[in-house]
Each structure stands twice: as C-alpha cells, then as structure tokens.
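See structure below.
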Ligand SMILES: *[C@@H]1O[C@H](CO)[C@@H](O)[C@H](O)[C@H]1NC(C)=O
Ligand SMILES: *[C@@H]1O[C@H](CO)[C@@H](O)[C@H](O)[C@H]1NC(C)=O
Ligand SMILES: *[C@@H]1O[C@H](CO)[C@@H](O)[C@H](O)[C@H]1NC(C)=O
C-alpha cells in the first residue's frame, strides 16, 4: 500500500506545481494585458472546455459555474503550466474535478486539450463511452476516471496514449474482456477493479512494466495464466480479490520476486500453495482467504523475511509446517481459521473437510499449467463445492 501512497504523493506534487504556476500566470496577466488570448493552445482549450460544459447536465457543487470567458486558467478544476516543449507558452496541463458529483459525458472536442498531463475525474457521474479523440492527448500521464458511470467494452483508446503511466478505471461499468495490449503498454499502475469485466485474464502478453495491478471484483473466469511471470521485473502489488479465478495457482507466481502485496482472496483456487512462493523475498502481505486450497501451509512462506500479515483462513489446509503453526510468535498477523487443521481452534467440521480432501486435485493435469493447452474456463467441479454444514 506504500506504493499507492507514492502515487498519491506524486499526483499532489504535480497538481501543486501546476496550480502554483497557474496562480503566478494569472497575476502576470493582470498586470500586463487584458487582451484576448493570443495563445493558440489556450484558445483550443477554451473551445474544448465550453463544449464539455454544454454536455454537463448536473453540477451540484457549481464547479463549472465559472467556466466562462477566455481565461481558462482561472476556471475551477483547470490547471495551467508552461508547455514542456516551450516554457514561454502556458497550456492547460491538468483537469481535476475529483469528487465533483458532476453528471454529463466527455464530448469529442475534449481531444483539443492536447497539452493535458493529468485528468482526475474521480467520483463524478460521467457516463457513456470515452471519445476516440482522447487519443490526441499525447502527453497524458495520469488518467483517473474512477467511480463514474462509463460503460461499453474496455476503452481501447487508452492504449493509444504514448505517455500514459497511471490508468485508473475502477468502479465503472466497463464490460467484456481485457485486451492483452493493456499489459504490453508501458504503464506503471493499472486499476480495473469493480467493473463488469469478464473472460480470462489474457495469457498472451509480454513486455509489461506495471508495478501495481488491481483486477479485483470483476467476473473474470478461468485460471491465473503462468505468463503472469512476465510481470516479474516490475510487479509489486497484485490484487486479484473476488475475480472468479479457479484452477491451481501456477508456480510462476513465485517468480514475481518484487511482490510486496499478493491478495488472491475470495476466489475458487484449488490445489496446494506452490512452494515457489518461498522466493517472494519482499512479500509483506499474503492473503489467500476464502479459496479451496488444500495441503500444507508451506514453511518457505512462513519464514519470508518481510512477511507481516498472512491470511489463509477459509480454505482446506490440513497441515502447517514448522513455525507456521505459531506465526504470531514471530510478530506476524496470522489467520488460519476455518481450515482442516487438526490441532487448531475454529476449524471446519470433519465432514466438511472430507468432501474436499477425498478428491485431491492434480495440478499437472490442470488446464492452466504451462504445458496444458488452454481450454474453456475451469470450474472447481461439483465434488469440490463445500458441503453445507451439518445442522
Ligand atoms: C455558480 O457559480 C457562478 C460563478 O462563480 C455564479 O455566478 C453562479 O451564481 C453560481 N450558481 C449557483 C446556482 O450558485
Ligand atoms: C464480487 O464481485 C462481484 C462482481 O463480479 C460483485 O457483485 C460482488 O459483490 C463481489 N463480492 C464481494 C464479497 O465483494
Ligand atoms: C491482515 O490482512 C488481512 C487480509 O488482507 C486484513 O483484513 C487485515 O486487516 C490485516 N491486518 C493487519 C493488522 O494489517
């Protein structure tokens, strides 16, 4: 989570810098000239912002109330800065309407804001699809459209933004599959959680650079592809909470040696925890809560040097190796409740455990292992469904 904080800090810094420049510019304008803009960039921005204002239907905080006249740098939520290619030209570099509760959509002329480095529209009611013209924002570095009402297939237009590093589409209504190209773009952070995304996490991708990937709360299906290992050189946080994942965890997860946070809770993962996870030397948080893992909680995980919090509750583990039995003595937050551990309190009933443990899973045979061909999305199978607790 430290990384998420880093991104926030970076954003605030950028905004601070931009707004500072914008204030300075205003003062300057006051003293020197009252003439209309000679600056082509600001004129184009004026047209874009007026077109945008026309398709805003509700603005309860009146944020766009002062979007009047050519002085776009004084508009609420609009931040100006010197152009990176010409320090003497002031351009619109940022839009921040976070928590505006504004209803409307993004019109085609928004592509005229071609100097934008960041767009923050978190927690508004923007709807519809993203206009194609967004592809003209060649300097756009941060795009935060989270918590709005955008719909349609994954917006491929964001994949054509050459400078984009931070993509936040969470809490919208995007549906359908994720394009493999999302993971080949040079992004730092990808948030697509809480949408209506479906189908498999793509397995055919290479060249990814992301350090944070959050898939949580989508209706993906199938297994985590072994190609997840392609993230190894950059990935620090992988959140796959409640993503309808099934099948075995591929040993390749253990190649993600930079991981600090791995959260796979609320899925239908089966089989043993791969011993390769012992290679995650930076792992601080591992959450396997609410899956159907069996076998042992491996010693190699329990002795990871950076581990702070290990959650294995709500699975079918029947053994804990060595120190795993007493992790709290190492000062680690540990929850192993609701498993099949013979000597531990708060475990499943024997009957409940037998239903699952009598049907061991062979991960080599598994559709998602590196050697197996990829077939239709896996289901855990009816025999693996936990039996209702006896009355
Ligand atoms: C909205 O803001 C504008 C400009 O600041 C102001 O003139 C107008 O009266 C405001 N409208 C409401 C409904 O408060
Ligand atoms: C899991 O995700 C689905 C959407 O795929 C959502 O409807 C459900 O509320 C989520 N469950 C939890 C526990 O968050
Ligand atoms: C440990 O991790 C679990 C699951 O991720 C979380 O719910 C809990 O709040 C964490 N506890 C601490 C003390 O960080």
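The values are calculated or read from the model by the stated rules, or taken from the named source; none is laboratory data. Just so it is clear, the model here is predicted, and its values are computed rather than measured. Please note: Cβ atoms are built from the backbone with ideal geometry, for glycine as well, and neighbour counts cover all protein chains shown.
Key figures
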quantity: Selection within segment 179-215 - in contact with a strand residue (DSSP E or B) (Cβ under 7 Å, 6 or more places away or on another chain) and more than 16 Å from ligand 2 (Cβ to nearest atom); calculated: 182, 187, 188, 189, 190, 210, 211, 212, 213
quantity: In segment 305-326, the residues that are touching a helix residue (DSSP H, G or I) at 6+ places or on another chain (Cβ under 7 Å) and either on the phi > 0 side of the Ramachandran plot or more than 14 Å from ligand 3 (Cβ to nearest atom) (or both); calculated: 316, 318, 321, 322, 323, 324
quantity: Count of segment 91-110 residues which are without any contact (Cβ under 8 Å) to a residue 60 or more places away in the chain and either outside any strand (DSSP E or B) or under 22 Å from the mean Cα position of the chain (by Cα) (or both); calculated: 10
quantity: Segments classed as strands (runs of 3 or more DSSP E), wholly inside segment 223-312, with at least 1 members that are farther than 23 Å from residue 340 by Cα; calculated: 237-239, 261-263
quantity: Condition check for residue 130: assigned to a loop (DSSP other than H, G, I, E, B) and not assigned by TED's automatic domain parsing to the domain that holds residue 196; calculated: yes
quantity: Some residue of segment 327-344 being closer than 22 Å to residue 241 by Cα, in contact (Cβ under 8 Å) with a residue 60 or more places away in the chain and under 27 Å from the mean Cα position of the chain (by Cα); calculated: no
quantity: Test set (1) crowded, with 17+ Cβ neighbours inside 10 Å; (2) at pLDDT below 90 - residue 174 fails condition number; calculated: (2)
quantity: Single unsatisfied condition, residue 186 versus (1) closer than 18 Å to residue 230 by Cβ; (2) at pLDDT 90 or above; (3) out of contact with any helix residue (DSSP H, G or I) (no Cβ under 9 Å at 6 or more places or on another chain); calculated: (2)
quantity: The listed residue being within 16 Å of ligand 2 (Cβ to nearest atom) and under 21 Å from residue 319 (Cα atoms), out of 221, 268, 276, 243; calculated: 268
quantity: Qualifying residue in segment 82-95 (condition: closer than 23 Å to residue 128 by Cα and more than 16 Å from ligand 2 (Cβ to nearest atom)); calculated: yes
quantity: Among (1) modelled with pLDDT of 85 or more; (2) more than 16 Å from ligand 3 (Cβ to nearest atom), the one test that residue 241 misses; calculated: (2)
quantity: Any hit, segment 56-79, residues being within 14 Å of ligand 1 (Cβ to nearest atom), surrounded by fewer than 21 Cβ atoms within 10 Å (Cβ to Cβ) and in a strand (DSSP E or B); calculated: yes
quantity: Qualifying positions in segment 289-304 - in contact with a helix residue (DSSP H, G or I) (Cβ under 9 Å, 6 or more places away or on another chain) and either farther than 19 Å from residue 362 by Cβ or not assigned by TED's automatic domain parsing to the domain that holds residue 332 (or both); calculated: 297, 299, 300, 301, 302, 303, 304
quantity: Meets criteria (part of a strand (DSSP E or B), in contact (Cβ under 8 Å) with a residue 24 or more places away in the chain and not assigned by TED's automatic domain parsing to the domain that holds residue 72) for residue 197; calculated: yes
quantity: Residue in segment 202-210 that is in contact (Cβ under 8 Å) with a residue 40 or more places away in the chain, within 16 Å of ligand 3 (Cβ to nearest atom), in a loop (DSSP other than H, G, I, E, B) and within 27 Å of residue 175 (Cα to Cα) present; calculated: no
quantity: Selected residue [touching a residue at least 40 places away in the same chain (Cβ under 8 Å) and out of contact with any strand residue (DSSP E or B) (no Cβ under 7 Å at 6 or more places or on another chain)] from 133, 114, 123; calculated: 114
quantity: Unmet requirement for residue 88, which otherwise passes all of (1) touching a residue at least 12 places away in the same chain (Cβ under 8 Å); (2) away from ligand 1 (no atom under 16 Å from the Cβ); (3) closer than 24 Å to residue 141 by Cβ; calculated: (1)
quantity: Residue check, residue 286 modelled with pLDDT of 95 or more, more than 16 Å from ligand 1 (Cβ to nearest atom) and touching a helix residue (DSSP H, G or I) at 6+ places or on another chain (Cβ under 9 Å); calculated: yes
